[in-house]
Amino acid sequence: MSNYEYIIASLPFLTVDYKYADGTGFEAVLEEIRRDLSEKDSALVDFLLRGFDGKELMPDFYAEALKQKNRFLREYFRFDLNLRNAKVRYLNRQLGRDADLDVMTGMGTDEDTDLDIDLRRFSGGEFEEEPKVAFVLGQEDLLTRERGLDDILWAKIDALTTFHYFDITAVLGYIAKLHIVDRWLSLDEEAGRELFHKLVKEVKGTFKGVHYEEK
């Protein structure tokens, strides 16, 4: 059985000191987390990590993601699919092409998973963040646009982990946010540090009584 309380309580201490100085921070955190995860929960982490690899983000992957029993994974990648499609539609409009060209969507028949029997056709479902995404995509500055999209993703993760404190959903949400931080540390170190401190403070707020020293 996974030791969730120990994992969550330990998270703030894992990266502050060595702070990605050697580029191994993200992997080091994952290694620490996996030590106290069950085999079943570790498999859920593996699936989340697959979705961080751009080469994996094909119809078959999303079809599998939308069949996940774990709600966080299912809804996280449903959002990811909708966000990907929004980007494609925006680019198509900018190029004067049919907006739906190359969009991944389908006519799902399964009410619970939006998949039909061949597990290939699917729908992203309702995308309530669409107006915010459209506004951000319209920004001219690339970093402003990327930060805006990640802010929306961060908020989505918050929504998916609400009332989840010491369970696998909390762990998956932390890893998803840490992936955002890791990306920004390579794009803009100052922005990455800002996001990292925000993440650590969130974990600190989750587990009262944890000794924490901000650097």
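Among the listed pairs K40/K132; K69/K198; K156/K201; K40/K198; K69/K177, those with a Cα-Cα distance over 24 Å are K40/K132; K69/K198; K40/K198. For the peptides 193-199, 166-172, the ranking by packing is 166-172, 193-199, with the highest mean count of neighbouring Cβ atoms within 10 Å listed first. Qualifying trypsin sites (Lys or Arg not before Pro) in segment 31-100, where qualification requires a DSSP coil assignment and no more than 10 other C-beta atoms within 10 Å, comprise K69.
Approximating the spin labels as points 7 Å out from Cα along Cα→Cβ, the D158-to-L101 distance works out to 3.8 nm.
Quick note: the coordinates plus some simple rules give every number you see, no bench work behind them. Source: prediction; values computed, not measured. Quick reminder, even Gly has a Cβ in these numbers, built from the backbone with ideal geometry, and neighbours come from all protein chains shown.
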